[in-house]
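A quick write-up on the structure given underneath.
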Amino acid sequence: MLGYAFCGSFCTHASSLRELERLVQSGYEIQPIFSETVWRTDTRFGRAEELRHAVESLCRREIIHTVVDAEPLGPAIRLDALILAPCTGNTLAKIANGITDTAVCMAAKAHLRCDGRLLIALASNDAMSQNLGSIASLITRRSVYFVPMLQDDPNGKPHSLVAE
């Protein structure tokens, strides 16, 4: 079973949902995970309730969205891999510094404590500035992998990176 976690890069949720759908269609069993912000926040990109419904219908599982419910992912509930898509710069920094104050951060910590594979699809406007240290910290860690990244708007957002 794969874990698939959504963080608050709301403008990338539609593309992330398409990737999740491809995984399900390929036969993977998915445990969805939402940050608390994604769980409750309506934006110009969509309503939280609609995203929750789409993901739960697709995965046929309830979404983990609390720190308490995410904690067993590792020792008690083994995942073949945990995918963070999108992973915000905020979540990346927290994981790099061992902060576990959200469901996604706790899921990552719990999963990594058993050397589980963590795949990060970053979407951050400050990846090549404030978050470059977090990328460097995690890219050298065993079992942590990054989806290849590119600048989505080099002129308008020169420090931004988004996973392909």
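Some observations on this one:
- Every condition in (1) part of a loop (DSSP other than H, G, I, E, B); (2) in contact with a strand residue (DSSP E or B) (Cβ under 7 Å, 6 or more places away or on another chain) is met by Asp126 except one, and the failing one is (2).
- Any chance Ile139 is in contact with a Phe, Trp or Tyr (Cβ under 9 Å, 6 or more places away or on another chain) and within 21 Å of Thr37 (Cβ to Cβ): no
- Residue tally, condition within 20 Å of Cys105 (Cα to Cα) and open to solvent by less than 50 Å² (accessible area, probe 1.4 Å), over the range 39-50: 2
- Some residue of the range 100-115 being out of contact with any helix residue (DSSP H, G or I) (no Cβ under 9 Å at 6 or more places or on another chain), open to solvent by 60 Å² or more (accessible area, probe 1.4 Å) and closer than 22 Å to Tyr28 by Cα: yes
- The set of residues from the range 130-164 being β-branched (Val, Ile, Thr), assigned to a strand (DSSP E or B) and in contact (Cβ under 8 Å) with a residue 40 or more places away in the chain comprises just one member, Val162.
- Qualifying residue in the range 54-61 (condition: assigned to a helix (DSSP H, G or I), surrounded by fewer than 14 Cβ atoms within 10 Å (Cβ to Cβ) and more than 17 Å from the chain's Cα centre (by Cα)): yes
- The residue that is surrounded by the most Cβ atoms within 10 Å (Cβ to Cβ), among those in the range 63-93 that are touching a Lys or Arg at 6+ places or on another chain (Cβ under 8 Å) and modelled with pLDDT under 95, is Gly74.
- Subset of the range 116-164 that is aliphatic (A, V, I, L, M) and open to solvent by 50 Å² or more (accessible area, probe 1.4 Å) - its residue that is farthest from Ser15 (Cα to Cα): Ala136
- Residue in the range 18-38 that is touching a Lys or Arg at 6+ places or on another chain (Cβ under 7 Å), open to solvent by less than 60 Å² (accessible area, probe 1.4 Å) and in a helix (DSSP H, G or I) present: no
- Yes/no for Ser26 being among the hydroxyl-bearing types (Ser, Thr, Tyr) and free of Cβ contacts under 8 Å to residues at least 24 places away in the same chain: yes
The values are calculated or read from the model by the stated rules, or taken from the named source; none is laboratory data. What you see is a predicted model, and the numbers here were worked out from it, not measured in a lab. No Cβ is skipped: glycine too gets one built from the backbone with ideal geometry, and neighbour counts run over all protein chains shown. Note: accessible area is taken over every heavy atom of the protein model, side chains too, but ligands, DNA and RNA are not part of it. Shrake-Rupley method; radii C 1.70, N 1.55, O 1.52, S 1.80 Å.
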